[in-house]
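Reading through the structure tokens given below for one structure.
The values are calculated or read from the model by the stated rules, or taken from the named source; none is laboratory data. None of these values were measured; they are calculated from a predicted model. Cβ atoms come from the backbone with ideal geometry, glycine included; neighbour counts cover every protein chain shown. The protein model used for the area step is the full one, side chains on, heavy atoms only, and it has no ligands, DNA or RNA in it. Shrake-Rupley method; radii C 1.70, N 1.55, O 1.52, S 1.80 Å.
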Amino acid sequence: MADKKACAERVERLRSIMRERGYDAVILRNNPDLRWLTGAERTFDDEVAHTALVTADHLFLHTDSRYYNTFIEHLGTDTAWEIDQDIVDPADWAAEHVRDAHARVVAVEDTATLAFYDAFEASLAAHSVAALTPRLHGDLVRLRAVKDAEEAALMRAAQKVTDAAFRHICGYIKPGQTEQEIRAELENYMLSHGGDGLSFGTIIASGPNGANPHAQPGPRKVQRGDMIVMDYGCVVSDYHSDMTRTVCLGEPSDEQCHVYDVVRQAHEECAAMAKAGAIGKDVYDHSVKVISDAGYGDCYKHGLGHGVGIEIHEEPNFNRRNFDPIPAGAVITIEPGIYLPGKFGIRLEDFGLVTEEGYEPFTESPHELTVISC
């Protein structure tokens, strides 16, 4: 059942934006935003099948028969949302509700398609309704960047499954297994030990494949001396986890140990900088400095971290483009890496909560290099 108090606070945060900007109503169609606002867990899928209209004193939600009963089950019959499953075009539904609400400034969510936006404006004209229809310009994305206690608890739960999966897979990996076999075992463990789904397609990249940050698991068989990059996560009640650990199959070489230590140093120093008010670019720049000072600057090109929540990639970010301070309540990854073409790659990733005091990782797996005996 949705946490009504948490969801009411989210609605009020949106209405505060509406008052500041002079919006009479807001139209939403993006599933992650609707999940966040309604609290209807495990209800949304990949289809854009819902439309919401938020006014100063009403919450309207249009869906269809495939989802209606699930909404009622998860939100309860006493929900503040007025839910219907009328067979009507979403743009017409929105225009009719704007007319009935006497709304004259109606903000449309940025993610709505041009086709919906055009149809909505045409339907307003057909209903003889004069209304301004500005875009929201990322307001929902920024609101969602600050997590509440319920959201943090769900991501902690997802990470517990992810940490347990790491312990399991380290006892499973043996020479001769393919990357695909390791991936299947890891994903099956998460799905059979509390995960509702996968955060993304699991990365298992061994030996030279690890030098490709987003390598896809394939038929390569792992062998003694391989560094194996494992980037994966699971979903609990629509909230994601995200973690990377790099392990060595057998004793690592001096070079592998040295590179691992550089990545770990970059990770831990950046984690110490990550607190509310820190500038995303500054934290990222420090990771670049640590890795460059060690002589590997050309082998680290991606961002240091990204927000996590209902979507695996959210705001804010630790990268070269983010000059904004990180807000308290953000949940963000820290994931520096070094990638040596033809040899191996190493990445170390936690995710956790940014507070006024610092960074609280949800990840509990160790930072020490895990060596798998073989």
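Values as computed for the structure displayed
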read-out	value
q = 0.16, 0.28, 0.31 Å⁻¹: log10 I(q)/I(0) that the Debye formula gives for segment 295-349, counting C-alpha atoms only	-0.56, -1.11, -1.24
Fraction of beta bridges assigned by DSSP in segment 193-328 that are antiparallel (%, nearest 5)	100
Cut-off 20 Å, label 7 Å out along Cα→Cβ of GLU357, residues of segment 274-297 by amide N	274-278
Cα-based radius of gyration of the chain once divided by 2.2 N^0.38 Å, which approximates compact folds	1.11
Relative packing of peptides 78-84, 222-228, 96-102 - highest average C-beta neighbours within 10 Å first	222-228, 96-102, 78-84
Bridge type composition, segment 37-132 - antiparallel percent by DSSP, nearest 5	45
Surface share of carbon and sulfur [accessible, 1.4 angstrom probe, percent] for segment 1-101	45
Residues of the chain: accessible area per residue with a 1.4 Å probe, Å²	42
Residue pairs, from the table LYS281/LYS301; LYS174/LYS221; LYS4/LYS160; LYS289/LYS343; LYS147/LYS275; LYS4/LYS147, whose Cα atoms sit over 18 Å apart	LYS4/LYS160; LYS289/LYS343
Quotient of Cα Rg and 2.2 N^0.38 Å for segment 247-374, N being how many residues it contains	1.06
Accessible carbon and sulfur surface of segment 295-374 relative to its total accessible area, %, 1.4 Å	50
Label-to-label distance, nm, for residues given as ARG21 and ALA276 (7 Å Cα→Cβ offset)	2.4
Helix-only mean residue ellipticity at 222 nm for the chain, each DSSP H run of n ≥ 4 adding -39500 (n - 2.57), per residue, nearest 500	-12000 deg cm²/dmol
ARG135/LEU191 FRET efficiency (R0 35 Å; Cβ-Cβ; nearest 0.05)	0.40
Segment TYR68-SER373, extension gain: residue separation times 0.36 nm, minus the distance between their alpha carbons	104.6 nm
Formal net charge of residues neighbouring ARG167 (Cβ-Cβ distance under 15 Å; K, R +1; D, E -1)	-2
Per-residue HN-Hα couplings for segment 229-242 [Karplus 6.51, -1.76, 1.60; θ = phi - 60°; Hz; x = Gly/Pro]	8, 10, 10, 7, x, 9, 10, 10, 6, 6, 9, 9, 10, 7
